[in-house]
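Report on one structure; see the data block that follows.
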Amino acid sequence: MAKANDQDKNVYHDKVKSFIAMTRSLLEKEKRILIEVKKNTPSSPYQRLTLSDEMLNLSSNYIAINGISQTVLKTKNEEALNDARKSLYKAVIYLEEVVSNYVDTPFSDYEDKLKAIESFDPNQRYNLVRKMGLAIDILEQAYGDNSKWRWTFVEMEGRFAAAAKNMIDLKSVYVNASPMSPYYDACVYHLRLIKKLLSQAADRYREKYELSTGVTLDFKTGINFLSVLRRIHIVLAENEESEAIKKKLAIWSQKLETDLKKQEEAKKKNRV
């Protein structure tokens with residue numbers, strides 16, 4: 001690939017100026033909000049939600065800078081992509097700090113956290129998780145299929161799936177899922193999204209186990225995501241879907257048990 005000439009570089013720097021300025025502004029805003037968050041007031045959870053949203057905006061800026069680099073200079077801006085990835089992680093972490101990072105756990109374990117953000121309505125919750133999911137997808141595509149960060153995204157997607165699930169108030173889901181509710185669309189789409197995310201997280205962790213690490217913890221994590229997906233189906237009285245996941249869980253658990261036995265036998269042979 002030919003190197004970019006001075007004219008291309010000048011065009012690039014001119015086009016990214018506004019994005020760099022916005023990036024600096026967002027980083028300064030993050031610092032200011034974090035000072036307020038540390039005061040631990042009733043508004044702190046809402047401020048963390050704002051931080052999560054702003055980190056998504058920050059990530060979008062870095063992705064835009066990379067896009068300009070690819071268009072003008074014909075090369076990826078790895079620094080911008082890595083900054084985007086770090087910003088996305090921060091967005092997920094700020095959300096986890098509000099609603100918890102629990103995967104397969106009863107709703108009662110994090111119910112109090114949702115009470116702390118009662119006025120953040122279902123529309124706002126769905127819009128935030130949809131925006132986060134889109135940002136993760138766009139960044140993955142920007143890195144490409146052969147990226148060294150391929151398996152890192154499995155963890156990010158899993159943590160996002162859990163946080164997105166924990167944003168839903170399961171006690172009010174029946175009311176909000178009624179066609180008469182002003183939050184009907186948001187509730188239905190949010191539920192549809194988290195079921196997709198949980199299923200995807202389970203499959204991706206198994207893929208990571210089989211194609212990359214061989215670490216049984218990854219497979220167990222995938223099984224945990226399947227388990228919580230089944231819990232969601234049970235809560236929603238989706239019996240057919242629940243039974244399908246139950247069968248899949250049985251197959252995966254048997255596979256894990258078989259693999260563990262093989263690993264133990266291999267260890268015994270190595271000790272001889």
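The values are calculated or read from the model by the stated rules, or taken from the named source; none is laboratory data. Bear in mind the structure is a predicted one, so any value in this text is a computation, not a measurement. All Cβ positions, even for glycine, are placed from backbone atoms using ideal geometry, and neighbour counts span all protein chains on display.
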Exercise for review: Within region 38-78, track down each residue that is more than 29 Å from V98 (Cα to Cα) and assigned to a helix (DSSP H, G or I).
Suggested key: I65, N66, G67, I68, S69, Q70, T71, V72, L73, E78
**Study point:** Within region 138-246, helices (runs of 4 or more DSSP H) holding 1 or more residues that are more than 23 Å from D112 (Cα to Cα) and at pLDDT 95 or above
**Key:** 152-166, 184-208, 216-235
Exercise for review: Can you run down the residue pairs with Cβ atoms below 6 Å, 6 or more apart or on separate chains, where the first is in region 191-219 and within 23 Å of I234 (Cβ to Cβ) and the partner is at pLDDT 95 or above and outside any helix (DSSP H, G or I)?
Suggested key: none
Review point. Of the residues L114, L73, which is in contact (Cβ under 8 Å) with a residue 12 or more places away in the chain, buried (at least 19 other Cβ atoms within 10 Å of the Cβ) and either in contact with a Cys (Cβ under 7 Å, 6 or more places away or on another chain) or of a type outside the set (G, A, S) (or both)?
Key: L114
Check your understanding: Can you name the residue in region 141-155 that is within 12 Å of the chain's Cα centre (by Cα) and surrounded by 19 or more Cβ atoms within 10 Å (Cβ to Cβ) and is also farthest from S52 (Cα to Cα) among such residues?
Key -> V154
Review point. Do you know which residues across region 120-134 are part of a helix (DSSP H, G or I) and of a type outside the set (G, A, S)?
Key: P122, N123, Q124, R125, Y126, N127, L128, V129, R130, K131, M132, L134
Study note, to complete from the structure: Checked region 84-115 for anything among the aromatic types (F, W, Y), part of a helix (DSSP H, G or I) and under 24 Å from L226 (Cα atoms); matches are Y89, F107
